[in-house]
Amino acid sequence: MKTYRAAVIGVSRMGAFIDNEVVGYPNTFPPYSHAAGFTASSRTDLVACSDLRPDVMEVFGQTYNVPKERQYTNYREMIDKEHLDIVSVATQPEHRAEIVIYAANHGVKAIYAEKALAASMDEADAMLEAVERNHVYLNMGTNRRWGLAYDKMKEIIDGGQIGALKNVITYSTGTLFNTASHHFDLLLRLNNDQPVQWVQANLPDGDAMIDGDILHEDPHAEGIIKFANDVTGYALLTPRKTEYEAIGDKGSIAAYNDGFEWHLRQDLPLIPGKPWTGFMTVDVPEIPHDSATLRLVEDLAHSLDTGEAPRGGIRVAHANTELIFAFIASHMQGGARVELPLKGSKIKLKRDRAPRQPKFTV
Ligand SMILES: NC(=O)c1ccc[n+]([C@@H]2O[C@H](COP(=O)([O-])OP(=O)(O)OC[C@H]3O[C@@H](n4cnc5c(N)ncnc54)[C@H](O)[C@@H]3O)[C@@H](O)[C@H]2O)c1
């Protein structure tokens, strides 16, 4: 089987060193960073990297065996010289669109773009156009879409074990770009990536962050997502940590602590032999785990091998971005119902923040 030439742009935490932050954490299955994923996969060779910080690239080079002459401070030069098949864009969202569009326009065939996809709807639209025009395969790094545990959750829903799906819930929506992008992706996937009709949202700390068309920080959010198939999503903002639930007319399946615990309930007699029923706890099937990053990388390799669409794709990433900006639009209109497709969003995320210092050792 062919081995694909891969490179990482933005070699900080998610690009390269986040594995050192999660050693022993029960819900993260290594490899986690993009570079660790490319290194672990037999389908990819990690041949080059790009970052604005040469000192961080130097440690990256030592860790992942990328020589100095293949460490670029200018990603364009790297893309022009290195004949890359797969490029990761693990920068912050403010720096993502320009890089993804350049890669798509200059021969890169597959892109692993971190979430959130973009800093504005204009950027997301331009990325969609460039990726589709160039027939590039793109997966956004909303890991749970490739996690075996959430495949099992979806299998339980699709297999009819909770009846007809009615609601999908995230209990910890968090901030829109950094964390809600993950949660929106899972809600979309559990509901088969159905189109969204409208949203209504509130950003409790949003007002102070919006200045004209500029959003200066990543706001917390809560809201309602109405899907075209009549399923309703609830993006709640509670102290519960990374917890999800799908509710059907005959039961529910919940992932607690990001899948550390599971809870399956089915509509059964409350008392044996009596007619009254309710949602009763039943045994959960065994929930498997493995590295979502590795599965995402190998999904791109599979697309390159076969020409089949990847599990994510630019349309799903674009729909996710549209939810983020629709939540902002709804909040700015006092919580009004905002219909999708979203029209006229001019808000742009522009934070004044330095890149983080990655943790180079465990
Ligand atoms: N999927 C996950 O579980 C997960 C976890 C953590 C972070 N993330 C996402 O990964 C992304 C990166 O997060 P982080 O914490 O690693 O970020 P960071 O701010 O620590 O690092 C970003 C890196 O990008 C580099 N960069 C910026 N512009 C560049 C350019 N033009 N060319 C080359 N390099 C450039 C910076 O120098 C920096 O090293 C974010 O979008 C974040 O939301 C995802």
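The values are calculated or read from the model by the stated rules, or taken from the named source; none is laboratory data. What you see is a predicted model; the values in this text were computed from it and never measured. Here Cβ is always computed from backbone atoms with ideal geometry, including for glycine, and neighbour counts include all displayed protein chains.
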Q) Tell me, which residue of region 144-189 that is over 16 Å from residue 245 (Cβ atoms) and aromatic (Phe, Trp, Tyr) is nearest to the ligand (Cβ to nearest atom)? A) 177
Q. What helices (runs of 4 or more DSSP H) completely inside region 95-184 contain at least 2 residues that are more than 21 Å from residue 293 (Cα to Cα), aliphatic (A, V, I, L, M) and in contact (Cβ under 8 Å) with a residue 40 or more places away in the chain?
A. 121-133, 148-158
Q | Residue list for region 242-292, restricted to those being of a type in the set (Asp, Glu), farther than 21 Å from residue 172 by Cα and touching a residue at least 40 places away in the same chain (Cβ under 8 Å) | A | 249, 267, 290
**Q.** Scan of region 22-32 for residues that are more than 9 Å from the ligand (Cβ to nearest atom) and either in contact (Cβ under 8 Å) with a residue 24 or more places away in the chain or in contact with a Cys (Cβ under 6 Å, 6 or more places away or on another chain) (or both), ordered by number
**A.** 23, 26, 27, 29, 30, 31
**Q.** Counted residues, region 312-362 - those being of a type outside the set (Phe, Trp, Tyr), within 16 Å of the ligand (Cβ to nearest atom) and assigned to a loop (DSSP other than H, G, I, E, B)
**A.** 11
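Being assigned to a loop (DSSP other than H, G, I, E, B), surrounded by fewer than 21 Cβ atoms within 10 Å (Cβ to Cβ) and either modelled with pLDDT under 95 or not aromatic (Phe, Trp, Tyr) (or both) is the requirement here; does residue 192 meet it?
Details: assigned to a loop (DSSP other than H, G, I, E, B): yes; surrounded by fewer than 21 Cβ atoms within 10 Å (Cβ to Cβ): yes; either modelled with pLDDT under 95 or not aromatic (Phe, Trp, Tyr) (or both): yes.
Against the criterion (assigned to a loop (DSSP other than H, G, I, E, B), surrounded by fewer than 21 Cβ atoms within 10 Å (Cβ to Cβ) and either modelled with pLDDT under 95 or not aromatic (Phe, Trp, Tyr) (or both)), residue 192 qualifies.
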Q | Any chance residue 52 is of a type outside the set (D, E, K, R), closer than 21 Å to residue 69 by Cβ and away from the ligand (no atom under 12 Å from the Cβ) | A | no
Q: Kindly indicate whether residue 46 is more than 10 Å from the ligand (Cβ to nearest atom), in contact with a strand residue (DSSP E or B) (Cβ under 9 Å, 6 or more places away or on another chain) and closer than 16 Å to residue 14 by Cα.
A: yes
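Within region 7-21, is even one residue touching a residue at least 40 places away in the same chain (Cβ under 8 Å), over 21 Å from residue 146 (Cβ atoms), in contact with a His (Cβ under 9 Å, 6 or more places away or on another chain) and away from the ligand (no atom under 12 Å from the Cβ)?
At the first step, the residues of region 7-21 found to be touching a residue at least 40 places away in the same chain (Cβ under 8 Å) are 7-18, 20-21.
Filter once more, keeping what is over 21 Å from residue 146 (Cβ atoms): 11-12, 20.
From what is left, the residues that are in contact with a His (Cβ under 9 Å, 6 or more places away or on another chain) are 11.
When the remaining residues are screened for being away from the ligand (no atom under 12 Å from the Cβ), the result is none.
There is no residue in region 7-21 that is touching a residue at least 40 places away in the same chain (Cβ under 8 Å), over 21 Å from residue 146 (Cβ atoms), in contact with a His (Cβ under 9 Å, 6 or more places away or on another chain) and away from the ligand (no atom under 12 Å from the Cβ).
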Q | Hits in region 235-283 (condition: surrounded by 13 or more Cβ atoms within 10 Å (Cβ to Cβ), among the hydroxyl-bearing types (Ser, Thr, Tyr) and more than 28 Å from the chain's Cα centre (by Cα)) | A | 277
Q) So which residues in region 55-95 are surrounded by fewer than 17 Cβ atoms within 10 Å (Cβ to Cβ), closer than 21 Å to residue 20 by Cβ and within 15 Å of the ligand (Cβ to nearest atom), if there are any at all? A) 55, 58, 59
Q | All helices (runs of 4 or more DSSP H) inside region 7-90 with 2 or more residues being aromatic (Phe, Trp, Tyr) and more than 27 Å from residue 258 (Cα to Cα) | A | 54-64
